[in-house]
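Since the structure comes first, as structure tokens, the remarks are kept for the end.
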Amino acid sequence: MKTRKISMRMCLGCGEMKPKKELVRVVKSPDGEISIDLTGKKSGRGAYICRSTECLAKAQKSKRLEKSFSCMIEQSVYDTMEAELKNDGQ
């Protein structure tokens, strides 16, 4: 049997290449709303981070999500994403 290809994505926080299923997708919807997509099926532009709040903090500090989505992201959006990541880990 053929082995399946594992899709690799880069975390915007730590910069490591990891399998897509190990990462969380952050999505910018067509109407401009930015949120965490735990299912990986929402429509829109996607970027990936590890399932840790440390990687989210690194991505926020270096403004990598803002560069990826070409828009400003408010602090309240980061706070909401951090809360969702903490709830996902439990």
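The values are calculated or read from the model by the stated rules, or taken from the named source; none is laboratory data. It should be emphasised that the depicted structure is a prediction, and the values quoted were computed from it without experimental measurement. Here the Cβ positions follow ideal geometry from the backbone for every residue, glycine too, while neighbour counts run over all protein chains shown.
Quick notes on this structure:
Conditions tested, residue by residue: (1) closer than 17 Å to residue 10 by Cβ; (2) at pLDDT below 90; (3) touching a Leu at 6+ places or on another chain (Cβ under 9 Å).
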position: 51; (1), (2), (3): yes, yes, yes
position: 54; (1), (2), (3): yes, no, no
position: 58; (1), (2), (3): yes, no, yes
position: 68; (1), (2), (3): yes, no, yes
position: 86; (1), (2), (3): no, yes, no
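- Among (1) part of a helix (DSSP H, G or I); (2) closer than 18 Å to residue 15 by Cα, the one test that residue 79 misses: (2)
- Answer residue from the range 46-71, given it is touching a helix residue (DSSP H, G or I) at 6+ places or on another chain (Cβ under 6 Å) and not hydrophobic (A, V, I, L, M, F, W, C) and is surrounded by the most Cβ atoms within 10 Å (Cβ to Cβ) among those: 60
- Scanning the range 79-90 for residues that are in contact with a helix residue (DSSP H, G or I) (Cβ under 7 Å, 6 or more places away or on another chain) and either under 14 Å from residue 33 (Cβ atoms) or in contact (Cβ under 8 Å) with a residue 40 or more places away in the chain (or both) returns 81, 85.
- The set of residues in the range 5-39 being of a type in the set (D, E, K, R) and assigned to a strand (DSSP E or B) consists of 9, 18, 25, 28, 37.
- Every residue from the range 26-45 that is surrounded by 15 or more Cβ atoms within 10 Å (Cβ to Cβ), among the small types (Gly, Ala, Ser) and modelled with pLDDT under 90: 35
- Taking residues in the range 52-63 that are in contact (Cβ under 8 Å) with a residue 40 or more places away in the chain, and partners anywhere that are part of a helix (DSSP H, G or I) and of a type in the set (Phe, Trp, Tyr), the pairs with Cβ atoms closer than 8 Å and at least 6 places apart or on different chains are 56/78.
- Residue check for residue 58: more than 11 Å from the chain's Cα centre (by Cα) and assigned to a strand (DSSP E or B): no
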